[in-house]
């Protein structure tokens, strides 16, 4: 409960005194049974938020890499296919895509799709276009000499990419990959619209029961703040660990 007390304390410190509003922090007071129940309910949303974000990130990276490869080709039709996919996906609002996936795919494909997988599919598709650009930029930043050196060793295209080019590109794209994961974490809140019991959905449900939206949504802000700050610290640690050596 230490984190809960810290979040509530910060909320009270920042917000109390801004107006004549009488705060109802008792609704999240960990010293009362009601507060403990509400806090446990809200904090349980971390499970779905983190799960849908992590899975979407991994799948978006895989799909993004596949989409990025045609952009590295010399063939114009492959480059055009890459550009078409990226531009179309980036132009569709995430919420609109989510609603289409959740309500449209089951109709088109005659399948059953629950809230979790609808969210994963949506975030994967939406994020794959940005991942494709990240991978493309990272791979193209590797100097021509590295390609020539790999080819001089007799490596074929896939060996060259796997053993020489991609390991160097990963170090370059770590910062933007971290930023994109943070973006996915924030966009995952949209999945609450279709019923996923994540942080945002649980906050909405508690507001309906307690009628104290300012207090509950303030706590929701702090939940996302703590989560994203933790991710940011992990990304910075990875950047330092795998940073390219200075020349």
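Laboratory data are not the source of any read-out in this text; all were calculated from the coordinates shown. Since the structure is predicted, the reported quantities are computational estimates derived from the model, not experimental observations. Backbone-built Cβ (ideal geometry, glycine too); neighbour counts: all protein chains shown.
At a glance:
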| quantity | calculated |
| --- | --- |
| log10 of Debye I(q)/I(0), alpha-carbon scatterers only, for segment 39-78 at 0.18, 0.23, 0.27, 0.33 Å⁻¹ | -0.61, -0.75, -0.84, -0.97 |
| Computed lengthening from residue 228 to residue 44, 0.36 nm per intervening residue step minus Cα-Cα distance | 64.6 nm |
| Average Cα contact separation per residue, the chain, under 8 Å, 6 or more apart, as relative contact order % | 26 |
| Segment 66-89 residues near the modelled residue 108 label - backbone nitrogen below 15 Å, point 7 Å along Cα→Cβ | 85, 88-89 |
| Gain in span if fully extended, residue 237 to residue 37, counting 0.36 nm per residue against the direct Cα distance | 68.5 nm |
| Residue 157-residue 58 FRET efficiency (beta carbon distance; Förster radius 35 Å; 0.05 resolution) | 0.90 |
| Global size of segment 107-159 as Cα Rg and Dmax, reported in angstrom | 19.0, 53 |
| Rounded to 10°, Cα long-axis angle of helix 94-109 versus longest principal axis of the chain | 80 |
| MRE, 222 nm, helices only [DSSP H, n ≥ 4, -39500 (n - 2.57), over the chain, to nearest 500] | -24500 deg cm²/dmol |
| Normalised convex hull volume, segment 48-196, alpha-carbon set, Å³ per residue | 118 |
